[in-house]
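Written below as structure tokens is the structure these notes are about.
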Amino acid sequence: MGEFKVHRVRFFDYMPAAIRAMAFNRRTERLALARADGALEIFNFADNYFQEKVIPGQDGRAVEALCWVGRRLFSAGLNGEITEYDLENLRPRYTVEAYGGPIWTISAVAYSLSGCVPCQVGCEDGTVKMFEVLEDRIQFQRNLDRQKGRIISLCWHPSASLIAAGMMDMIRIFDVETGRATHRLLVERGVGASKSKEVVVWSIAFLSDHTIISGDSAGKVQIWDGLTGTLARTHLVTKWDVLALSVSQDESSLVAGTSEGTVVQFQFLSSTLDGQNKDWVRTRTFKNHSHDVRALVHTETAVVSGGMDTQLVVRPLLDKVEKNTQESAMRKMAFPHRSLVCCAKKAGLLLFQFPDHLELWRLGESDGHGNPGDSLPVKRKPEKLIQLKRKGEDHICCSALSPCGGWLAYSTVTSFRLYRLQNNTISITKVSKLPKDLRSAHQLCFSTDSSRLFASSINSSVVVVALNQPECKYLHTLKPKSGSREPVHLLFASEDGKWLATANTACEVQVYNLDKIKLHCTVPVYGSCPTAIAIHPTSSNLVVVHADQQIFEYSLVQKEYTEWSRRLQKQGLHSLWLERDTPITHVTFNPKHPAHIILHDMFMFCVIDQSLPLPEAKTRLFNQMILRSLPEPMRILHRHAFKMCKTFQNLMCVRLLEDHSLVVVERPLLDIMSQLPAPVRQKRFAT
Amino acid sequence: MVEHGDIRVVHRGGSKINSREPVVTNDSRFLLCASGERVKVFSTSTEECVHDLRGHTDLVTGVLLRPTNHLQVYSCSVDGTVRLWDFTDGILIKVQTCSWLMFDIVCMCVCAELFQLVAVHLPQSGDQLVEAQELSAVLSNVSSNPAATGFGRGVRAPPLRSPNAPPGAITYPKTDKDNKKGGKNTLMCIACHPKDDCIATGHEDGKIRLWRNFNHKKEYTYTTLHWHHNAVSSLRFTPEGTNLLSGGLESVLVQWRYNQESERDFLPRLGSAITHIAVSPDGTLFCTSHSDNKITIIQSCVKVSAVIQGLVNGESVRTDLMVDPRSKSLVLNGKPGHLQFYSLQRDKLLYNLDIVQQEYIHELGLQQFEVVKVAFDAPGNWMATVEERKPKAAEPEINLKLWAFDEQTQSFVLNTTVSAPHEAQITSMCFSQAADGQTSMLVSASEDGHFKAWQLPRSAYEGPSWSCDFVGDYRGLAPQCCCFSADGSLLAVSFQEVVTVWSPASWELLTTLSQPPKAIRDLCFGRLGCSKYLMGTTASNLLCCWNLLTCSLEWSTSMDVSLLLSDPLTENMAAFCCQAESTDLFVFKPSEPRPVASLKAVCSGKVTRAVFAPREEMLESCEESSQWLNRSQLYFLTQHMLLQSPAHVLPSTSVLCSMFVESLLVSVADGRSVVHEHLVHVFLNNSHSDHLCLTLNVSQQNTHRL
């Protein structure tokens, strides 16, 4: 595996924002997730829960609710606006003011017979506003009867003729045709001190058999008969609030998220053996969160929950999935599936990307020598050189640092900025004259000699800019032949400056020849989204790692998969490798050992030695400790290509510097937890 | 059938009544429970034992009401029979013999020795004794714990499939199924909902799971209820299925609303851990069995209406067996920190006396105060107790308490507490036997090398309290035993191999007696005509008799006496000799080295505690070998030294015809022997009880079943 001097970096204070809302599109199996800072993330549940797209947030945009209409995504927030997002360009498409004060909820009819899809929002002033979703915009249609008190939650009856609205102290059922309220269901307040406080119906579900299920701030999940407007059953779930509800599509199971961080499942079960007399029965309780569960989705096979503790948890329901498979494993997604760290290999600088600023650090130095495992004395401490605050109200979506450390670029959805850095004097100057074509970028990348900047732009195109001392100049735009409109999320410029590889969320990997300024080839499309790409510096082989953990090596010269890649596909990857639940976020090579590929995910980094045999299905994948204990001749027998290191955990970034030392950026989850606000107080036994 | 004048050992009560779940009759008037070799019928309102269904020759392991006739009850036993009784009249109706040992009967299904669940077809026939041949195994490899098997009404196999299919039996599919995470979720008990498709299981970690869709292959689902902090030992649904009752170590009966599990009712402070819960068929009465051999009858989960208390079988009997001179009841350790007063004549617990008077906190490894010594003075006016707590790596905490009998409350009232009366463990304690009863004196000997005399000074002011009168020692040796002569004029204290004789009046060392080489183990003065003799046993297997008038050894014989005691009403003394795993009993008069009576192989194992209890009515027996039992009865406890399990079963015997028989070690249902201490009784077989002896079974062979 080789020995590395490791810079163990723990000064990246990455802090994810709390999860506010989620919406699941069952047809495309995409989960849209909104965070407290206004950022939106799209996860592809069909492709190993890969975080496909991130739409950066904006100051003042607080998303309260999300809703899919077909493939279109809408959000509503406390700023009183409804926003539709452009998922191809990763930015808001337009916003519509609802003129009803803060909006608490948005709901659309799941299936509509007519062409126009109505969409409703519930507002602070007590109005339920109907909007018509048109081809390119939404249009205000009418108001339902105005009520006193704010509308907190909304749910359509599947027939689209009725709508249930959760309010303060009550639930109302509206007839959509007439706009009149047909029922008024009073929700009981909590007991004791909370008796004087209004109870908030945080979440509501309207089932096809006219059952209404509500979750409220008194900790109750109540089941109502929507036809008669009577209470059928009350389940006291928590002492605190029930914040979210979600019903499975077949309406046989229901989950409720509480402020205690628990998710409680209810099932519609028949109490007798003959299948009659079905009733909602409280069954399992999942405790995967330390804080409020604000958002919940009940998919076919799993409960997806997110909340204040910023983690997205996918908890498979064991009665719905095969046991002891990858599908039955619980997943916690804490880190973004893309790198927020940029490393200047030659200069030894690190650039950390935060939503509202950038931090440039110089790595520490040490001249000590020690045995493997020792920690060396630090001669020069790491130093924060620059903290650069962004301009405008849009959050930073991407940033890059040139390998020489002389250039720094970042982009928001509306603006692009390039800075010139003087390293020895630590000065920063903004490059004022920028080409017109460079408005914003989804991904940025500098060439190895820092003379070019590549920025992925609309319609999967890449803008190439030449960087010269006084100014920068637009050279050309590289466009794929496929005409795909999906955004490019990965860029890699080869070390010799000849190739540029791009990958977009439509799973296409394109390689451009930068000398000829044209598309060199398109790698055969594989069904899973690429999570990391890299081109080998000497052999010009492109290594692509996908969200389903598959690794491909593609020869750019022969325009075909290499022998090693074929061998790997034929033999198959080790099952333990495939069962890892975080994607590989970066691939790099070791210039000293051309056969070595270095890659990392959140929990390990791995060196793949292409000269060694691949691991058989029965061999131990994690065999470093065993190898160490074996004598030399035996060691050779037991070696295999995958050498994994789990010494470092919660990795944000692993990079190899020019001086052959390794930079490892860790962000311990405990540090994130310690920065969260205190959870609700819970009585524990024997305390 | 027993020869006239034969003396045998019988089990004298104190049987475990909490070994199996009690059964409440349909009209809620009677409670039936397995008690040793018999089934006891208690009245639920008066707590009195109404009938004793006698007939089984071994441990009764299951009681069940006959579904077709609610006045009849089945019982099964390790002796391999199922008996049908009429419990209102106490008549045996039918005996069903099975070739297998029965360990539990549940709904006509029996767990046999290999712990299979088998269905026994009980043939209809007029004969009283029927051999049941038809056995069909329902499930093999079931747990030996009967609580882990449950029967549901709704899970009856569809009649299409097979008409012979028994009512669906539910056992937990595999106990280790959920154990992969190393959680302590071993299944403890199971209960089926009477109507719904719902099965409740109790687990070792205190959780209760309600399983639904259980007979679906995969889509079963469960709810977890968690209140108990320790293992759930019993679960029961009420007959209507509206409530679920659970109990465990916390001695709290928890009532969960079915389908509204966040609402629950508690009945706390039931005294000790709940082992079984039973519900009357009409749902009005709940019965809980407790680990201290008690059955509590509860009216609709609100009020304890009756308590049926058996002999409390504590961890071990640290005190000697004592007889309260007033109530003639047996006094020994009961609940932690308590003394129990147990009526031998009526086989009934009279009351528990809280000695330690501290709240009992259950915690594993926590050192509790234990009552280790009890002494009564001759008229029964005073009782002295010693309690002790020995924290790890610390000095023991010892309290000496003196209790006065209060005529008004008819109970003992604490008079004096002496904290740290000695610096080390108290080895022996006795009251002076002074006949006048005026000057009571207590002597305590301790390992700290001193013996102390405590006296109640005749002070003028009210509320006299005891104080130390004299501290004696002898060459710095640790005193082991102390004993007063019958008239209270002499005190003998043994210091290793030396016996010192003191005059309590002047505290003067009168003489020393010794019989080297080994230390004295037991000391005992003769009574009545033999009061001039002092008997002692030594560790070198010598039984010595000293004449105190001549201060010389009268006689001595070589025998390994494990216990020596004197009958306070006669001149007789009893010595238990342990030889080759069985104990012999010798009864003799100190005046002559010839035994009055000797009984070989009284029981297996060592007899650790014994007591002579006075008879209520004197017997007129002319047989020389049994005359010694005319005035008193001898009770003793055996102890299986190897096993220290708290669960043990005391098979009981008849009060009327108790013969002098043996002690029994019973294998309980899990196949491991768990029994250690048994109260047994020496009794004279006189003529008028002969006919009853026929039904009494002397189960000598049971001792070898282990």
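Using alpha-carbon positions, what is the distance between the centroids of segment B:241-276 and segment B:554-568, in Å?
If we compute the Cα centre of each part, the gap is 53 Å.
Mind checking the dipole of segment A:14-61: about its Cα centre, +1 per Lys or Arg Cβ, -1 per Asp or Glu Cβ, Debye to the nearest 20?
200
Computed on alpha carbon atoms, what radius of gyration and Dmax characterise segment A:314-412, expressed in Å?
Cα-based Rg and Dmax for segment A:314-412 come out at 20.1, 57 Å.
Which of the three applies to segment B:281-367, rounded, prolate or oblate, going by the alpha-carbon gyration tensor with a ≥ b ≥ c and a/c under 1.5 meaning rounded?
It comes out oblate by the Cα gyration axes.
About its Cα centre, how strong a charge dipole does segment B:426-569 have in debye, to the nearest 20, once Lys and Arg get +1 and Asp and Glu get -1 at the Cβ?
Here the size comes out at about 140 debye.
Given a cut-off of 22 Å, name the pairs among A:LYS346/A:LYS498; A:LYS53/A:LYS643; A:LYS436/A:LYS479; A:LYS346/A:LYS381 whose C-alpha atoms lie farther apart than that in the structure shown.
From A:LYS346/A:LYS498; A:LYS53/A:LYS643; A:LYS436/A:LYS479; A:LYS346/A:LYS381, over 22 Å: A:LYS53/A:LYS643.
Could you give the semi-axes, largest first, of the ellipsoid that matches segment A:381-464, computed as the square roots of 5 times the alpha carbon gyration tensor eigenvalues and rounded to whole Å?
That gives 22, 15, 11 Å for the three semi-axes.
Set the Förster radius R0 to 25 Å, insert the Cβ-Cβ distance between B:LEU510 and B:SER540 as r into 1/(1 + (r/R0)^6), and round the FRET efficiency to 0.05.
That gives a FRET efficiency of 0.50.
Sort A:CYS397, B:CYS578 so the one with the fewest other Cβ atoms within 10 Å of its own Cβ comes first.
Ranking A:CYS397, B:CYS578 by Cβ neighbours within 10 Å, fewest first, gives B:CYS578, A:CYS397.
Dimensions of segment A:88-198 along principal axes (Cα, Å, largest first)?
In descending order, the Cα extents are 51, 30, 22 Å.
Taking the Cα centre of chain A as the origin and placing charges on Cβ (Lys, Arg +1; Asp, Glu -1), which of A:GLY229, A:TRP361, A:SER611 is farthest toward the positive end of the dipole?
Among A:GLY229, A:TRP361, A:SER611, the one farthest towards the positive end of the dipole of chain A is A:TRP361.
When the Kirkwood hydrodynamic radius is evaluated over all pairs of different C-alpha atoms of segment B:412-570, what value in angstrom, to one decimal, is obtained?
Answer for segment B:412-570: a Kirkwood hydrodynamic radius of 16.3 Å.
Hey, what did segment A:60-208 get for relative contact order, percent, Cα under 8 Å, at least 6 apart?
Over segment A:60-208, the number comes to 14 percent.
Under the definition of Cα pairs under 8 Å and six or more residues apart, what whole-number percent is the relative contact order of segment B:188-315?
15
Out of A:SER494, A:TYR512, A:SER460, whose Cα points farthest toward the positive end of the dipole of segment A:421-540 (charges: +1 Lys, Arg; -1 Asp, Glu; placed on Cβ)?
Checking the options against the dipole of segment A:421-540, the answer is A:SER460.
Where the centroid of each part is defined by its Cα atoms, how far is segment A:430-507 from segment A:657-680 in Å?
Answer, in whole Å: 30.
In nm², what is the average projected area of the convex hull enclosing the Cα atoms of segment A:429-468?
That works out to 3.1 nm².
How long are the semi-axes of the ellipsoid equivalent to segment A:155-273, from square roots of 5 times the Cα gyration tensor eigenvalues, in whole Å, largest first?
Semi-axes from the Cα gyration tensor: 22, 19, 12 Å.
What's log10 of I(q)/I(0) for segment B:281-330 at q = 0.19, 0.30 Å⁻¹, Debye sum over Cα points only, no solvent?
After summing over all Cα pairs, the log10 values are -0.74, -1.09.
Using square roots of five times the C-alpha gyration tensor eigenvalues, list the equivalent-ellipsoid semi-axes of segment B:228-320 in whole Å, biggest first.
They are 25, 15, 10 Å, listed from largest to smallest.
Counting other C-beta atoms within 10 Å, which of A:HIS476, A:HIS298, A:HIS600 has the fewest, and how do the rest follow?
Placing the least packed residue first, the sequence is A:HIS476, A:HIS298, A:HIS600.
So if I take the centroid of the Cα atoms in segment B:352-418 and the same for segment A:517-575, what is the distance between those two points in Å?
83
For segment A:184-253, just list the percent of Cα-Cα distances falling in each 5 Å bin from zero outward, please.
Calculated over all Cα pairs of segment A:184-253, the distribution is 4, 18, 28, 25, 16, 7, 2, 1 percent.
Just the Cα atoms of chain A, one point each, no solvent: what log10 I(q)/I(0) does Debye give at q = 0.05, 0.09, 0.12 Å⁻¹?
After summing over all Cα pairs, the log10 values are -0.27, -0.84, -1.32.
For segment A:1-109, report the translational diffusion coefficient in µm²/s to the nearest whole number, using Stokes-Einstein at 10 °C, 1.306 mPa s, and a Kirkwood Rh over Cα pairs.
Stokes-Einstein gives a translational diffusion coefficient of 104 µm²/s.
Strictly greater than 16 Å: what percent of every Cα pair in segment A:585-661 meets that?
55
In a solvent-free Debye calculation with one equal scatterer on each Cα, what is log10 I(q)/I(0) for segment A:411-525 at q = 0.19 Å⁻¹, listed in the order of the q values?
Values, matching the q order: -0.98.
When only Cα pairs under 8 Å and 6 or more residues apart are kept, what is the percent relative contact order across segment B:439-529?
20
Every number in this text was worked out from the coordinates using simple rules, so none of it is lab data. Note that the structure is predicted; figures quoted are calculated from it, not measured. Cβ coordinates were reconstructed from backbone atoms using ideal geometry, including for glycine residues, and neighbour counts include every protein chain displayed.
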